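Structure record follows, encoded as structure tokens.
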Amino acid sequence: MATIKDVARLAGVGLGTASRVVSGKGSVSPATLEKVKKAIDELGFRPSHAARTLLTGTSQMIGVYIPVLSGTFYTPILQIIDTELRAAGLHMVVAFGVGLGDEHKQAKDGIRFLMERGCDDLIVMSSALLDEDIEALGMPQGRIVMLNHSLASIQDQCFTVDHRLGGRLAARALLDHKHRDIAVVAGPSRLADNVARIDGFMAELQDGGIDTSRMWVAESDFSPAGGWAAAKELVESGHRCTALFCANDEMAVGALSYFQEAGIRVPQDLSVIAYDDTPSAEFSAPRLTSIHMPWREMTMNGLSALLNRCYGLRRTVTRSFPVTVTLRASLAKAASARRKAAA
């Protein structure tokens, strides 16, 4: 396999000149550029990644850590990141946890893996990380961007959304549709974003005069299977309700599937509202009303901030990501309200 030294020798130039042509950095005369390119073609020279890193001082790779490689939540985010990086001549290296378990250890192990691979910068999605972890990992603070989580030590490098407001909007949508007997399928209580959305949801219901202490509430794992199991538990409990709030779309899709099998019509018998507004919400049956989290905007701005910091780009960066409600077919007025309107 030809090396950069072979290219320099064949072109009759110094190693530094050949390196400048290969890296695209530094000036060379047109005649010299032509000689080096001709030598590269004749030798079939292809610079290795390691050699390119030595020449440029950067690996041109961005590491991305996500808690689990599954579902409809993380996949679109990875697609956004990969598309933008490729357009900038960069590449993505992904590390991921295995879902439930010691998420704190998994996140730290994943970040170490990416650092050891020489990634120039990291994008991290994990609410399990703590401020002290950043320093303990030996990661320069300027080389990390957090998505969907905030740490005080790197506040300017954190891009997230107002999950408490999202929870309030979900509750307000149900109240506006005259629902007062409401059940909840929450996500894992150890996850900060889940806690925020459930806290906001309960606070809005309390402000609307609902006694939340009497509500049916189950904790599940953000998966369709978890949603199915929770919906089954709700029905078998005999608890009467007119609406169900699921703390993410995937659990809601699982719940919808169970309700269909059990002969419970949505939204005629029971309304369902979800959270995240992923593609699964748009194409479920019936289509899910969901709290829209502006994941694309959050991801794009976090990535832009990272590229500006790492590669000296001048991309525009904003930090305000409004949360909204996407109304679809799974939400209707409570049956009692419909009966009163008919009367």
Check: Just the Cα atoms of the chain: what Rg and Dmax do they give in Å?
Finding: 26.0, 95
Next item on the list: Quick one: angle between helix 224-237 and the longest Cα principal axis of the chain, in degrees between 0 and 90, rounded to 10, please.
Entry: 10 degrees
Item checked: With every protein chain in place, the chain: carbon and sulfur % of accessible area (1.4 Å) -> 53 percent
Check: So what's the convex hull volume per residue for the Cα atoms of the range 125-201, in Å³?
Finding: 85 Å³
Check: Contour minus end-to-end for residue 86 and residue 6, with contour as 0.36 nm per residue of separation and end-to-end as the Cα-Cα distance?
Finding: 25.8 nm
Check: Ratio of the range 217-272's C-alpha Rg to 2.2 N^0.38 Å, to two decimals?
Finding: 0.97
Note to self: Over the chain, with the other protein chains present, what is the accessible area per residue in square angstrom, probe 1.4 angstrom?
What the structure shows: 48 Å²
Check: Among all lysine pairs in the chain that are eight or more places apart or on different chains, how many have alpha carbons less than 17 angstrom apart?
Finding: 7
Next item on the list: Please report how far the C-alpha centroid of the range 288-315 lies from that of the range 58-124, rounded to the nearest whole angstrom.
Entry: 15 Å
Next item on the list: Pop a pseudo-label 7 angstrom from the Cα along the beta-carbon direction at both residue 308 and residue 130 and give the gap in nm to one decimal.
Entry: 3.2 nm
Margin query: Quick check on the range 178-253: take the gyration tensor over C-alpha atoms, sort the square-rooted eigenvalues as a ≥ b ≥ c, and tell me if it's rounded (a/c under 1.5), prolate or oblate.
Written below: oblate
Check: Using θ = phi - 60° and the Karplus form 6.51 cos²θ - 1.76 cosθ + 1.60, what ³J(HN,Hα) does each residue of the range 287-301 get, whole Hz, x for Gly and Pro?
Finding: 5, 7, 6, 8, 6, 7, 9, x, 4, 4, 5, 4, 5, 4, 6
Checklist line | Gyration tensor over alpha-carbon atoms, the range 200-301, equivalent ellipsoid semi-axes in Å | finding: 22, 18, 12
Item checked: Convex hull of Cα atoms in the range 256-343, direction-averaged projection (nm²) -> 7.9 nm²
Margin query: Above 26 Å lies some portion of the pair distances; for the range 87-216, what is it as a whole percent of all C-alpha pairs?
Written below: 38 percent
Next item on the list: Could you sort 164-173, 246-255 so that the peptide with the highest average Cβ count within 10 Å comes first and the rest follow in order?
Entry: 246-255, 164-173
Next item on the list: Can you tell me which of 305-311, 126-132 comes out highest on packing, and rank the rest after it, using the mean Cβ neighbours within 10 Å?
Entry: 305-311, 126-132
Check: How many nm is it between the label spots at residue 156 and residue 235, if each spot is 7 Å from the Cα in line with the beta carbon?
Finding: 5.4 nm
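The values are calculated or read from the model by the stated rules, or taken from the named source; none is laboratory data. Since we're looking at a predicted model, the values are computed, not measured. Cβ sites come from the backbone with ideal geometry, for glycine too, and all protein chains shown count toward neighbours. Areas reflect the complete protein model, heavy atoms only, side chains present, ligands, DNA and RNA absent. Shrake-Rupley method; radii C 1.70, N 1.55, O 1.52, S 1.80 Å.
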